[in-house]
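Following this message is one structure expressed as structure tokens.
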Amino acid sequence: MSYSPTITRIIAAAKSDGIDLTVLPFADAAFASIDAVLVPVASDPPCFENATRIDTHVHVVPDWYRELAPSAAGRGTPNWNVQSHLQFMVDNHVKRSIICVSTPQANLFPGSPELTAALARVLNEFVAALVRTYPDRFSFQAITPLPYTDAAIKEANYALDNLGAIGVGVLTNHEGKYPGDVSFKPLWQALESRKSDREIVFVHPTDPVINIDGRLVPSNPAPFRSGLGEFYFETARAISSLTASRTIHDFPKLHYRISHGAGAFPCIEDRFLLGFPDLQAEAREIYATRFWYDSAGPIYPRQVKGLMAYGIPISQLVFGTDYPYGIGFWDVKANIAGLADADFLTEGEKKSVFYNNSKELWKGKIEDF
């Protein structure tokens, strides 16, 4: 089959990394979506004159990916297109959106490192193409083919060095392995060894599973879908895993973008850290300096007070909407108003959450902020 020069280059780059994109049964649809997103939308672009906010928690859903993963956290995977996303940004005064592919990311082929690596690459190429088309509106955090660590290192380096990624996104578990798993340590070491002042890791919840003799068994014990509560417990497990394994201590250049205001972790922090008295003081310092918590959830005005009660300063809070997954789940306008109208924050503090803190987090990684 004849491909565009862009797709030919993408296939060749993947092949040089030992990835065969053509093994994906939906490869042609994915390639077509990349070509399509490189063409700006035909209609007049929305007006961003009054846009000042940075949305740090948003996703994209190519049509072929929604067909591949028709549900997420027990809900239907939402529709998405560029025009609607830009209009959402204008309607909510968002200047720039920081994208990362949502759960299940590339984990749709358990036990297959070849298909997982290929899916991660084609998703990253799609988002990178979107960013190239709208460089003033979008930035992205690349996904990886974890739990396959060697492939994950290769993909992270490719995305950061060649695609313009400004961070790496991981799930709370990959095929039942949490981010502190000893097998993931080489990835954290690779990120730590990069020539940069900091590397950013976005941690997003996913459905819990247990690996039983190579078979992944869903492990949500509740009678309702995981998005209603289990995602918050997954986030707590991930933070606990990163802490107990010393990952957050041993790799001081890594900064963590934590979803949904840290989920349930603030509720268990004191009890959890009783088990690690030698890590306790440093862990609390890291939570307050190298963790950055978004407002998707919703977490304002109630949940965020738990974070603040644990000594998390305003400087570590950032804005996020979870678009388009939040649409139809919660009232996005009300969620944003929870922050905008918070009577326990000054106007200067709100500005920091909506914009300044993100600018500080990604300083040097986004040219025109």
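The values are calculated or read from the model by the stated rules, or taken from the named source; none is laboratory data. Quick caveat, the model's predicted, so the values are computed rather than measured. No Cβ is skipped: glycine too gets one built from the backbone with ideal geometry, and neighbour counts run over all protein chains shown.
Filter region 315-345 for residues that are buried (at least 20 other Cβ atoms within 10 Å of the Cβ) and either touching a residue at least 60 places away in the same chain (Cβ under 8 Å) or touching a Cys at 6+ places or on another chain (Cβ under 8 Å) (or both) and give the result.
VAL318, PHE319, GLY320, THR321, ASP322, TYR323, PRO324, TYR325, VAL332, ILE336 - these are the residues of region 315-345 that are buried (at least 20 other Cβ atoms within 10 Å of the Cβ) and either touching a residue at least 60 places away in the same chain (Cβ under 8 Å) or touching a Cys at 6+ places or on another chain (Cβ under 8 Å) (or both).
With the structure loaded, tell me whether ALA118 is more than 18 Å from THR206 (Cα to Cα), at pLDDT 95 or above and of a type in the set (A, V, I, L, M, F, W, C) or whether it fails that test. Step through it out loud before you land on a result.
Numbers: more than 18 Å from THR206 (Cα to Cα): yes; at pLDDT 95 or above: yes; of a type in the set (A, V, I, L, M, F, W, C): yes.
So ALA118 fits the description; yes.
Which one of GLU367, GLU285 is of a type in the set (Asp, Glu), surrounded by fewer than 14 Cβ atoms within 10 Å (Cβ to Cβ) and in a helix (DSSP H, G or I)? First the steps, then the outcome.
Working: GLU367 fails: in a helix (DSSP H, G or I).
Matching residue, one of GLU367, GLU285: GLU285.
Checking ALA165 against (1) surrounded by fewer than 20 Cβ atoms within 10 Å (Cβ to Cβ); (2) part of a loop (DSSP other than H, G, I, E, B), which single condition isn't satisfied?
Single failed check for ALA165: (1).
Name the residue, out of ASP28, ASP35, ASP20, that is modelled with pLDDT of 95 or more and under 20 Å from ALA152 (Cβ atoms).
Answer to the selection: ASP20.
Moving on to the next point. Within region 180-206, restricting attention to residues that are part of a loop (DSSP other than H, G, I, E, B) and in contact with a strand residue (DSSP E or B) (Cβ under 6 Å, 6 or more places away or on another chain), which residue is surrounded by the most Cβ atoms within 10 Å (Cβ to Cβ)?
For region 180-206, the residue satisfying everything is THR206.
Rundown of residues vs (1) β-branched (Val, Ile, Thr); (2) under 23 Å from SER219 (Cβ atoms), yes/no style:
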residue	(1), (2)
HIS85	no, no
ARG96	no, no
PRO104	no, yes
LEU123	no, no
PHE126	no, no
GLY167	no, no
THR172	yes, yes
PHE184	no, yes
